[in-house]
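Chemist: The following block contains the structure, expressed as structure tokens.
The values are calculated or read from the model by the stated rules, or taken from the named source; none is laboratory data. As the structure is a computational prediction, the values presented were derived from the model and not from experiment. A quick note on method: Cβ atoms are made from the backbone with ideal geometry, for glycine too, and the neighbour counts reach across all protein chains shown.
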Amino acid sequence: MIEVINLHKSFKTKQSSLEILKGLSFKVEKGQIIAITGHSGSGKSTLLGLLSGLDKPSSGQVLYNQKDIFSMPFKEQNIFRAQNVSLIFQNYYLIPHLTAVENVMLPLQILKLKNAEKEARFLLDEVGLSHRLDHYPGELSGGECQRVAIARGLVTKPLVLLADEPTGSLDSETGEKVMSLYFQLVRKHNLTSVIVTHNEELAAKCDHELKLHQGIIHS
């Protein structure tokens, strides 16, 4: 499903170039849930940005089903990413003036797909929030906001679900419940998932763990 080939990422500073990722290569098979762990500054979020197509590598390739996303024209890459890759953030990034159902509908509306509200209601029911459809993010708990974000991530029926520290803003009990639901839904919908996390207990529940250290992967 995902193949990373000799991936490098550097950032230019005033005096030199700072190399963050140093030739990463790995594969993620369809249906696998992979954890990426490592200390702060190891390059985890940089890698996730490249996997999502939101950032470009200095060199190397990211292939989805043997398609190199960075060789696509800009418009085609945006459409591919919107239809096939969803990203869930630590801080949810829900739009505060939209209700839960409107937040989940939004990706489908952007893609101009039909039955947006029906699909959003179905996903919110799956995450146990059918009673919160018309509530705004400010009226929801942290765990509920993350469940709305998961529903929004699933609504486009993506091939891949990426998550950046999905339990980072939650207490341990709520985080465990949310991630139990996350694993259940990823398995149910036969998705491939990559999770960036500091949480070793969460990483241990994944199919495989990739440890990043100074820009290099240690399995």
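Chemist: In the stretch 202-215, what residues are modelled with pLDDT of 90 or more and either out of contact with any Gly (no Cβ under 6 Å at 6 or more places or on another chain) or surrounded by fewer than 22 Cβ atoms within 10 Å (Cβ to Cβ) (or both)?
Modeler: Hits for the stretch 202-215 are Leu202, Ala203, Ala204, Lys205, Cys206, Asp207, His208, Glu209, Leu210, Lys211.
Chemist: Looking for something assigned to a helix (DSSP H, G or I) and of a type in the set (Val, Ile, Thr) - is there at least one such residue anywhere in the stretch 187-194?
Modeler: No: zero hits.
Chemist: Looking only at the stretch 14-44, which residues are exposed (fewer than 12 other Cβ atoms within 10 Å of the Cβ), of a type in the set (Gly, Ala, Ser) and assigned to a strand (DSSP E or B)?
Modeler: Across the stretch 14-44, the qualifying residue is only Ser17.
Chemist: Which of the residues spanning the stretch 127-164 are surrounded by fewer than 20 Cβ atoms within 10 Å (Cβ to Cβ), in a loop (DSSP other than H, G, I, E, B) and not polar (S, T, N, Q)?
Modeler: Correct list: Gly128, Leu133, Asp134, His135, Tyr136, Leu140, Lys157, Leu159.
Chemist: May I ask you to verify whether Ser10 is over 18 Å from Leu210 (Cα atoms), surrounded by fewer than 20 Cβ atoms within 10 Å (Cβ to Cβ) and at pLDDT below 90?
Modeler: no
Chemist: Another question, if that's okay. Could we say that Ile2 is crowded, with 18+ Cβ neighbours inside 10 Å and farther than 22 Å from Val148 by Cα here?
Modeler: yes
Chemist: Are there any pairs, at least 6 apart or on different chains, whose C-beta atoms fall under 6 Å, with the first in the stretch 166-178 and closer than 13 Å to Cys145 by Cα and the second polar (S, T, N, Q) and not in a loop (DSSP other than H, G, I, E, B), and if so, which?
Modeler: Val178/Gln146
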